[in-house]
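Undergrad: Following this message is one structure expressed as structure tokens.
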Amino acid sequence: MTGFWEQVQTFFWNIIHRPTWIDYIDIILIAFLIYQLVTLTRQTRAIQVIKGLAVIIVASYASELIGLTTLNWVLRSILNNGVIVLLILFQPELRKALEQIGRTAKLDRSAQQDESERIVDEITQCLLRLSRRRVGALIVFEQRTGLKDITESSGTEIDSIISAPLLENIFEPNTPLHDGAVIIRGSRIVSAACVLTLSDNRSISRDLGTRHRAGLGVSENTDAIVLIVSEETGIISMARGGKLTRHLDAEGLRKVLREMYHEDHSRLWRWTHSLGLVRKGGAGNDAE
């Protein structure tokens with residue numbers, strides 16, 4: 001197996017001494033892969049492993065310059081076996097990713113659209129019923145930023161398909177899982193009763209309770225989209241990017257969900273701005 005450090009040296013030598021259009025394509029692809037890796041691992045434990053590898057690479061280069069032969073040999077040995085170590089560390093994540101690719105390959109476009117519409121219907125029905133009954137709810141939809149740290153450190157693993165009866169049962173008062181947030185990743189309910197960090201934004205209205213502050217908090221630190229049902233008023237709200245969109249009705253709720261599951265996420269943000277509903281978290285008078 002060719003040493004990791006020799007591969008890095010060869011890569012940079014090619015960039016400096018003989019750049020061709022093939023090399024530029026190679027650089028662009030590597031940059032894209034690194035960007036995707038950082039995006040997917042941000043806010044998760046994986047980013048700590050990546051930082052550790054970066055430190056080892058820098059230390060290996062520095063030890064070679066200084067002449068610390070033994071230390072350089074140890075660090076190179078670690079890097080040479082780094083791929084195997086990463087495969088072992090991230091085996092569960094890689095397996096899930098490959099399974100997802102396999103499932104997606106088997107579904108045609110029509111089947112995917114039908115499944116997306118089913119999810120939209122299930123979540124809409126659930127939130128509208130909870131709103132009418134004034135049962136509090138907090139649902140976090142994971143986007144590009146992983147929420148694995150939250151699901152691993154708190155909450156109860158669910159790993160189930162999305163269904164209105166299940167979500168309603170989770171948020172039913174005086175049940176074991178009703179207190180906390182539900183995390184949804186794609187078409188799966190990942191975890192329930194998760195504890196979120198509250199927003200420390202001082203401009204948030206004091207009338208807003210724990211659910212709204214928790215929803216705003218996770219939306220400030222990640223790109224997650226959060227749907228909140230107030231226990232006091234039954235008002236349905238959406239938190240994204242540290243901002244709150246309130247008073248979502250059935251049509252507005254469906255549009256938010258369809259934007260998430262059918263179209264580009266950026267269009268959702270433009271749509272909320274066009275409605276004039278996006279305000280800082282300070283707007284509102286819900287107690288939950």
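The values are calculated or read from the model by the stated rules, or taken from the named source; none is laboratory data. Nothing here was measured: the structure is a model prediction, and the numbers come from that model. Positions of Cβ are backbone-derived with ideal geometry, glycine not excepted, and every protein chain shown enters the neighbour counts.
A quick yes/no check of all residues on (1) of a type in the set (D, E); (2) in contact with a strand residue (DSSP E or B) (Cβ under 9 Å, 6 or more places away or on another chain); (3) modelled with pLDDT of 95 or more:
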{"position": "A105", "(1), (2), (3)": "no, no, no"}
{"position": "D114", "(1), (2), (3)": "yes, no, no"}
{"position": "E117", "(1), (2), (3)": "yes, no, no"}
{"position": "C126", "(1), (2), (3)": "no, yes, yes"}
{"position": "R132", "(1), (2), (3)": "no, no, yes"}
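Undergrad: Name the residue that is farthest from H262 (Cα to Cα), counting only residues in the stretch 195-218 that are of a type outside the set (D, E, K, R) and buried (at least 24 other Cβ atoms within 10 Å of the Cβ).
TA: Among those residues, the one meeting the criterion is L208.
Undergrad: Do any residues in the stretch 6-32 that are surrounded by 11 or more Cβ atoms within 10 Å (Cβ to Cβ) have Cβ atoms under 8 Å from those of residues that are modelled with pLDDT under 70, where the two are at least six apart or on different chains, and which pairs are they?
TA: Close Cβ pairs satisfying both conditions: D23/N14; D23/I15; I27/I15.
Undergrad: I would also like to ask the following. Here is a list of conditions, (1) modelled with pLDDT under 95; (2) crowded, with 20+ Cβ neighbours inside 10 Å; (3) not charged (D, E, K, R), and H262 meets all of them except one; can you say which number that is?
TA: Status for H262: all satisfied but (2).
Undergrad: Continuing with this model, one more query. Could you name every one of the helices (runs of 4 or more DSSP H) located completely within the stretch 1-101 that has at least 3 residues being modelled with pLDDT of 80 or more, over 24 Å from A224 (Cβ atoms) and among the hydrophobic types (A, V, I, L, M, F, W, C)?
TA: Here the list reads 21-41, 46-66, 69-80.
Undergrad: Looking at the stretch 144-155, can you tell me whether even one residue there is assigned to a strand (DSSP E or B), of a type outside the set (A, V, I, L, M, F, W, C) and more than 22 Å from E231 (Cβ to Cβ)?
TA: Checked the stretch 144-155: no residue is assigned to a strand (DSSP E or B), of a type outside the set (A, V, I, L, M, F, W, C) and more than 22 Å from E231 (Cβ to Cβ).
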